[in-house]
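Inspection log for the structure reproduced underneath, given as structure tokens.
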Amino acid sequence: MLEIAKLAKTYANGQAALVDCSLRIGQSQVVAVIGPSGAGKSTFIRCINRLVEPTHGRVTLDGQDVTALSGHAMARARRHMGMIFQEFNLVERLTVMENVLSGRLGYVGFWQALLRRFPAADIARAFDLLDRVGLAGYENNRADALSGGQRQRVGIARALIQEPKILLVDEPTSSLDPKTARVILGLVRDLAHERGIPALVNIHDVGLALMFAERVIGLADGHVVFDGAPGDVDAQVLTRIYGEADWRQTIRDTGDDTAERLTDGQAGDADPAPPDAGEGGTVGHRAAVGRP
Amino acid sequence: MTEQAASTQGASPTPAAARTWRKPPTIPNPVLRYGIVVAVVAYVIYAAGDVNLDIGRAIAGIPKAWDMLMQMVPPDFSRWELLLSGMLESLQMAVFSTAAGVLLSIPVAVGAARNIAPRPVYLLFRAYIGVVRTLPEVLIAIFFVKAFGFGAFAGTLTLTLASTGFVGKLLAEAIEEIDPGQVEAVPAAGASWPLVLVYAIQPQVLPRYVGLCIYRLDINLRESTILGIVGAGGIGAALYNSFGRYEYDVSAAILLLIIAVVLLAEWASGAIRARIQ
């Protein structure tokens, strides 16, 4: 259970990115945070694990006040929050396996990490996760040799190997093509459900948000202006979040996209392409099978 | 033809003939621009007069220089044990000081990188680098010879110190240029600061560091052959003594040996660095 109370952030230049945001996220749901550029989405998610230091307010994870922690205690609390990034943020010159195992750095000692002597259980878990995200056999590839979609899969595996209580996902699809974006979001959703944890996902693509989220939060000028089910997001709500525009296309598009995704998955069944030939592949197929 | 003219005119109201272009000057103010040129030329002329640039003296020196050169051939390698032991000492100084210097330069670089060191630490280490790099190596060597006595110890210490300044500065710059995105994810997973250093930062600067180490070994080899002139050990002492005794043929032998070793070091360093980059 993540509770956010009156969270606020004012940057040193006086810009108020976040103003009194309060929120409560329970078990296992995908929560999309939408809002215009500069609405504070990225600040919001980074204030939760304090990559950005909030000016005031309180973040509580399973009863522990994260905002009160400092130094070592904060590092320990971060182990329970897995983060997935827009630019993937893999260490480019390290292998896929090292990147996945970096999610365990909160649990191992200095020399263990330096000499890459991770516990056998961590390595077994890393192999399982690589398998699950569709990157079996890639453990010794260098991160900079992967495609965007593959990198984000590594990013997902790295976040999950932490065994987190929540996933913080910052614009996971902005650096990806539309099809890969859908596959990756599907993977995040499925994994959140499998592990019974919530995923807080920043996303600027409203269509994608409505397609994958079970709850939508609208941020505008640092305020929460909407909090509800995707079905309740209508032209009026979007105007409240983004300002006046013709929203008919956006809302109608979403319906089309859902249909397209389903046919996509069926097409994948007939497609004999090898898993790594294109994004989609195994995971797209698996996602489709998982959803009758 | 008329059509073409018409279309050119259509693209812009300016007639084609009147349109010329020149690269704007780097210094826009013409007074400043020409003023700088005049000032530099004037100072060069003044300085030439001040250092007694005397063509007569230069011409008079030519026969003496020729005489000395003639005495250098053939080079005298008869005391090869002396040359060999001097060169070996230089090599040992270079290798040891490089090993110690590049290790010590890691904490220096971490402290002197603006993006990861706290402000006071950064300023402290930058000041250290500034001091070490301002002092020429021969000057540091003179100081250490006075403090610790003649011999290779003073020279080794000099080169170690100089290496920390050199590698420390360039490695700090490499650390400042790393991609912060790659660093962000590691603390987000709950890693402590030392782990962020070895897991997210070290992989990004490692190729540069290895290149710097080899480059510094090359520099230290060259420097170690010369520090003997101020009594800091190595083959430089033998060179200095041979000049003092007017044994120019021995000097020639030593110089040839130094040139050979330096060229070899430079070639090897270049080859290795080309491979890792």
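The values are calculated or read from the model by the stated rules, or taken from the named source; none is laboratory data. Since the structure is predicted, the reported quantities are computational estimates derived from the model, not experimental observations. Neighbour counts run over all protein chains shown; Cβ positions are idealised from the backbone, glycine included.
Here are some notes:
- Any hit, the stretch A:227-243, residues being over 23 Å from A:PRO172 (Cβ atoms), at pLDDT 50 or above and outside any helix (DSSP H, G or I): yes
- Search result, residues across the stretch A:54-69 that are assigned to a loop (DSSP other than H, G, I, E, B) and within 13 Å of chain B (Cβ to nearest Cβ): A:LEU69
- Where helices (runs of 4 or more DSSP H) sit wholly within the stretch B:103-214, those with at least 2 residues that are more than 24 Å from the chain's Cα centre (by Cα) occupy B:119-134, B:137-148, B:180-188, B:193-196.
- Of all residues in the stretch A:20-65, those that are surrounded by 18 or more Cβ atoms within 10 Å (Cβ to Cβ) and more than 20 Å from A:PRO198 (Cβ to Cβ) total 1.
- Output for the stretch A:1-50, where each listed residue is part of a loop (DSSP other than H, G, I, E, B) and within 15 Å of the chain's Cα centre (by Cα): A:SER28, A:GLN29, A:ASN49
- Filter pass, B:PRO75 being outside any helix (DSSP H, G or I) and either under 30 Å from B:SER242 (Cβ atoms) or at pLDDT 90 or above (or both): yes
- Boolean, B:ARG273 is over 20 Å from the mean Cα position of the chain (by Cα) and among the charged types (D, E, K, R): no
- Any hit, the stretch B:209-225, residues being within 14 Å of another protein chain (Cβ to nearest Cβ) and touching a residue at least 24 places away in the same chain (Cβ under 8 Å): yes
- Single condition B:ALA191 does not satisfy, out of (1) more than 30 Å from A:PHE118 (Cβ to Cβ); (2) buried (at least 23 other Cβ atoms within 10 Å of the Cβ); (3) not β-branched (Val, Ile, Thr): (1)
- Among the residues of the stretch A:70-102, the one identified as over 20 Å from the mean Cα position of the chain (by Cα), more than 8 Å from chain B (Cβ to nearest Cβ), part of a loop (DSSP other than H, G, I, E, B) and on the phi < 0 side of the Ramachandran plot is A:SER70.
- The one condition in (1) touching a helix residue (DSSP H, G or I) at 6+ places or on another chain (Cβ under 6 Å); (2) exposed (fewer than 15 other Cβ atoms within 10 Å of the Cβ) that A:TYR138 fails to fulfil: (2)
- Among the residues listed as A:ILE84, A:ILE4, the single one being touching a Pro at 6+ places or on another chain (Cβ under 8 Å) and surrounded by 20 or more Cβ atoms within 10 Å (Cβ to Cβ): A:ILE84
- Subset of the stretch A:124-177 (residues that are more than 22 Å from A:ARG195 (Cβ to Cβ) and assigned to a helix (DSSP H, G or I)): A:ALA143, A:ASP144, A:ALA145, A:GLY148
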